1. Given the structure, is ALA199 of a type outside the set (S, T, N, Q), open to solvent by less than 70 Å² (accessible area, probe 1.4 Å) and more than 16 Å from ligand 4 (Cβ to nearest atom)?
2. Out of ASP269, ASP252, I need the residue that is of a type in the set (D, E, K, R), over 25 Å from GLN97 (Cα atoms) and surrounded by fewer than 18 Cβ atoms within 10 Å (Cβ to Cβ). Which one?
3. What are the residue pairs meeting all of these: first residue in the range 115-130, first residue closer than 13 Å to LEU90 by Cα and away from ligand 4 (no atom under 12 Å from the Cβ), second residue open to solvent by 20 Å² or more (accessible area, probe 1.4 Å) and modelled with pLDDT under 95, Cβ atoms under 6 Å, and 6 or more apart or on different chains?
4. Hey, GLU150 hits all of (1) open to solvent by less than 50 Å² (accessible area, probe 1.4 Å); (2) in contact with a helix residue (DSSP H, G or I) (Cβ under 7 Å, 6 or more places away or on another chain) but one; which does it fall short on?
5. For residues that are among the β-branched types (Val, Ile, Thr), within 15 Å of THR91 (Cα to Cα) and open to solvent by 10 Å² or more (accessible area, probe 1.4 Å), tally how many sit in the range 32-56.
6. Can you tell me which residue is nearest to LYS148 (Cα to Cα) among those in the range 161-191 that are of a type in the set (Gly, Ala, Ser) and more than 16 Å from ligand 3 (Cβ to nearest atom)?
7. Of the residues in the range 116-139, how many are surrounded by fewer than 17 Cβ atoms within 10 Å (Cβ to Cβ) and in contact with a helix residue (DSSP H, G or I) (Cβ under 6 Å, 6 or more places away or on another chain)?
8. Are there any pairs, at least 6 apart or on different chains, whose C-beta atoms fall under 7 Å, with the first in the range 269-285 and within 17 Å of GLU59 (Cα to Cα) and the second hydroxyl-bearing (Ser, Thr, Tyr) and surrounded by fewer than 17 Cβ atoms within 10 Å (Cβ to Cβ), and if so, which?
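The values are calculated or read from the model by the stated rules, or taken from the named source; none is laboratory data. Being a predicted model, the structure only gives us computed values, none of them experimental. A quick note on method: Cβ atoms are made from the backbone with ideal geometry, for glycine too, and the neighbour counts reach across all protein chains shown. Heads up: the accessible areas ignore ligands, DNA and RNA and are worked out on the full protein's heavy atoms, side chains in. Shrake-Rupley method; radii C 1.70, N 1.55, O 1.52, S 1.80 Å.
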Amino acid sequence: RAKAEGKNRYSFFSEQLLKNAMDRLQLETDLRQAVEDRALEVFYQPIYALASGEIIGFEALSRWRHPLRGMISPVTFIGIAEETGIIGELTDHVFEQASQAVLEWQEKYREIYPVNVNLSARQISDINLLQDLLEMLHFHKLPRNAIKIEITESLLINNFDGAQSLLQALQQAGITVLLDDFGTGYSSLNYLHQFPINAIKIDRSFVRQSTDSAKAKGLLAGISFIAKQMHLALVAEGVETMEQLRVLREFDVEFAQGYLFGAPMPKADAEKLIVKKVHPVFATLASSQQSVQ
Ligand code: C2E
Ligand code: MG
Ligand code: MG
Ligand code: MG
């Protein structure tokens, strides 16, 4: 009897495993098709200058609405795109969409609102990446600052030499590089002077903690000081509350993005924020500060 149960259990697990494998395979096939059809969407999250309250640009974030499964998180599909070798094509699509958006906005508003594009670790050794990006910018007659590149620490750790040469090539070409999710990897401080980067994005976990304790606040102040000393621009990620915004301004953090200003959104909505220029939360900030004085 035990044997029979064991067998049942075995077949239960193997069925489950088989189902998972089939699901995964189907998802891979669907993603491949979606990338090929250019069906993935690019959303834009606004980035603001904290001193003036003005919008300065956007981060491009990929969105995949699966016809049957609905929205699938990029954390899931970027991983699949990396493993199946279609991440390069996916990124090209983001480059194309982002360049078109910058161009459209430039024609309408006579100003460049740069878009940051995320690179995945797998793309460190992609020798065509920089060339493709430069050709795209050239094709649209866009300046080198129209598209910026976001990379993560883990990408640097796993391929030190590859990362060095890609980053150097990007710098030489005049493309801005931002270190994403700063503080969540290992020995982050060490990387700041070893790799040629232009800006740091403080991970949202630091932003969240900054209003909890004096120590966490001190950490934020320290990062801000380091960035200034090293002539690195500083962007805070994941700003959700007015209190967080006040702390960031108190420590001279230059730029920020987060749900407080706007979640990643379709291009048409992003454009409305360009028209508005200064985000309404900054008006509340000014008036609340006045009422305190
Ligand atoms: P990331 O580059 O660090 O992007 C920031 C993530 O934080 C985004 O999640 C964004 O929607 C989310 N976020 C923004 N503001 C807030 C906030 O105030 N609170 C909270 N809780 N979250 C906020 P998303 O869009 O789900 O993307 C997750 C990650 O997937 C990204 O992290 C990035 O690493 C990756 N990713 C997204 N699109 C692409 C892409 O086109 N290419 C590559 N290689 N990676 C991408
Ligand atoms: Mg990013
Ligand atoms: Mg990030
Ligand atoms: Mg992240």
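1. So ALA199 fails the test.
2. Step by step, each of ASP269, ASP252 is checked, and only ASP252 is of a type in the set (D, E, K, R), over 25 Å from GLN97 (Cα atoms) and surrounded by fewer than 18 Cβ atoms within 10 Å (Cβ to Cβ).
3. Going by the 6 Å Cβ cut-off, the qualifying pairs are ARG122/GLU82.
4. Every condition holds for GLU150 apart from (2).
5. 1
6. In this case the residue turns out to be GLY174.
7. Counting residues in the range 116-139 that are surrounded by fewer than 17 Cβ atoms within 10 Å (Cβ to Cβ) and in contact with a helix residue (DSSP H, G or I) (Cβ under 6 Å, 6 or more places away or on another chain) gives 2.
8. Every condition considered, the pairs that remain are ILE274/TYR109.
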